[in-house]
Amino acid sequence: MLRKTLSLLTLGALFFLASCSSNSEKIELPIHAEWSIISMAGYEGELPADHSPTLRMVLANVHGNAGCNEYQGRFTMLNNTLKFNASEFAVTRKMCPPVVMEVEDVFLQNMTMVNSWQINSDNELILSNDVGNEVLRFEYIREIEPEEKK
């Protein structure tokens, strides 16, 4: 009886560990993925849950939601250097409540300052300026499927 119970516990533990390992895969590159903002330099308030900026990087294109409006543009990346051509972003022109517009303004301004990237052990994408100060931090949402990369 003890042997059977021990075998069942061992088997259960193996299934549990196998299911955990598939969800904790280390993200190596920021491209071909969708990210959601965690924090932004220059914004101390709580980010509105339904208006949080997002980031999607596919090939040399970037797009997402800046808080209120959709944006799209281009980026260049070489090793850990990352530059967004944020001054040339196409941005829709909707109006939202003032707090949402403030989030959007800070987000788009910070995008112009990005100079480098890193992904930490929690799979958070950290974008920093030219002196190494963090300006944007994102959480990984999902991989962008091949059919979405067109």
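Here, each number is a calculation from the coordinates, and none is a lab measurement. All of these numbers come straight from a predicted model, not from anything done at the bench. Here the Cβ is made from the backbone with ideal geometry for all residues, glycine too, and neighbour counts use every protein chain on show.
Quick notes
- Relative contact order, percent, region 28-148 [alpha-carbon distance under 8 Å, six or more residues apart]: 29 percent
- Over region 28-148: Kirkwood hydrodynamic radius from C-alpha pairwise inverse distances, Å: 14.3 Å
- In this structure, GLN109 and HIS32 have a Cβ-Cβ separation that, at R0 = 22 Å, corresponds to a calculated FRET efficiency of about 0.25.
- Label-point separation, ASN85 to ASP122 (7 Å along Cα→Cβ), nm: 3.4 nm
- Local electrostatic count, LYS94, Cβ distance below 11 Å [Lys/Arg +1, Asp/Glu -1]: -1
- Student exercise, region 28-148 dipole from Lys, Arg, Asp, Glu Cβ charges, in Debye to nearest 20: 400 debye
- With the highest mean first, a sort of the peptides 50-63, 71-84 on other beta-carbon atoms found within 10 angstrom per residue produces 50-63, 71-84.
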